[in-house]
Structures are given as C-alpha cells and as structure tokens.
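Everything on this sheet refers to the single structure shown next.
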C-alpha cells in the first residue's frame, strides 16, 4: 500500500474513532436520562424551535427520513415528544416536547456542552479554530448532509 493511500485510510479510521468516542461519551452522560445521543439531538432541535415537522428535523440534522421516524417513535413512546397533526395539512405531523421532555432538556447534563469541553482540553484556541475550519472545509468538500458529492 503506498503512503498516500495509507494516510487516507488512517485519516478515515481516526475520524471514525473520534465519532465513536464522542457517541460513547454522550451516551454515557445521557444513560441515566433514558435517551441516546441521536435522540438528544432531536430533542434539542425540537426544544430550540418549539414545534417542528419531521422533515424540518431531517434537514436540520442531515439524516434520512427513516432515521428521524425511528428516533421520533422512540421519543414518543418514552413520553418526551408529542406528535400532532398539522392544522392545515393532515399529512404533516408537528412535533413538540412534552413536559417531561422539556424538563429533561432543561435539567439533564448536556453532552453537547460537556463533551467538547472535555475533548478540547489542552488544545489551544488557535488550534481549535483551525480544527473547526478544517472540518468545515471537509464537510463542504463531501457535502455537509452526506447526500451530495462535489468534485474537486
């Protein structure tokens, strides 16, 4: 295997390892709350917007329709999210947090604050800024929602 291919494989492995470590740490923090990382992301997005459609969530989180549906179903069953028919379009469901969902969103430890703080310990502000810029460029290169591809 030549050096360039080895570097690309290593880069992908490291990105994958970082993503898995972030997911594991978020799930650890959220374990006592009864939700997982993706469920938390959905709850925070609903909380931020007050009321959203599943399509809004799909766009905001950059995931497939089936993924959002499964996450929403789980959150409805757990009593954290309400689903109601849209007043003007019965094909559309509006999602909002229940009182339990709002309380959890407000009072649970937020892994989206805690994990980055832990992850970036010992990293200078300049390096953090460069890291964010590099990630933004990488996302732009491959399409930030994963469904687009751009040629260089």
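Since every read-out is calculated from the coordinates, none of them should be taken as a lab result. Predicted, not measured: the structure shown is a model, and the values here were computed from it. Using ideal geometry, Cβ is built from the backbone for each residue, glycine included, and neighbour counts are taken over all protein chains shown.
Once the Cα atoms are used to define both axes, helix 37-49 deviates from the longest principal axis of the chain by about 60 degrees.
With 0.36 nm allotted per residue and the present C-alpha distance subtracted, the residue 86-residue 133 stretch has 13.0 nm of extension available. Length gained on full extension, residue 19 to residue 47, computed as 0.36 nm times the residue gap minus the Cα-Cα distance: 7.7 nm. Principal axis extents of the Cα atoms in the stretch 35-87, from largest to smallest and rounded to whole angstrom, are 30, 24, 21. Sorted ascending by nearby beta carbons within 10 Å, beginning with the fewest, 48, 83, 37, 91 become 91, 48, 83, 37.
To the nearest ten degrees, helix 65-77 and the longest principal axis of the Cα atoms of the chain are 50 degrees apart. This ranking places 30, 57 by how few other beta-carbon atoms lie within 10 Å of each, fewest first, which gives 30, 57.
For the chain, the longest principal axis of the alpha carbon atoms and the long axis of helix 3-30 meet at an angle near 30°.
Neighbour counting of Cβ atoms within 10 Å sorts the residues 38, 129, 121, fewest neighbours leading, into 121, 129, 38. Computed over all pairs of different Cα atoms, the Kirkwood value for the hydrodynamic radius of the chain is 17.6 Å.
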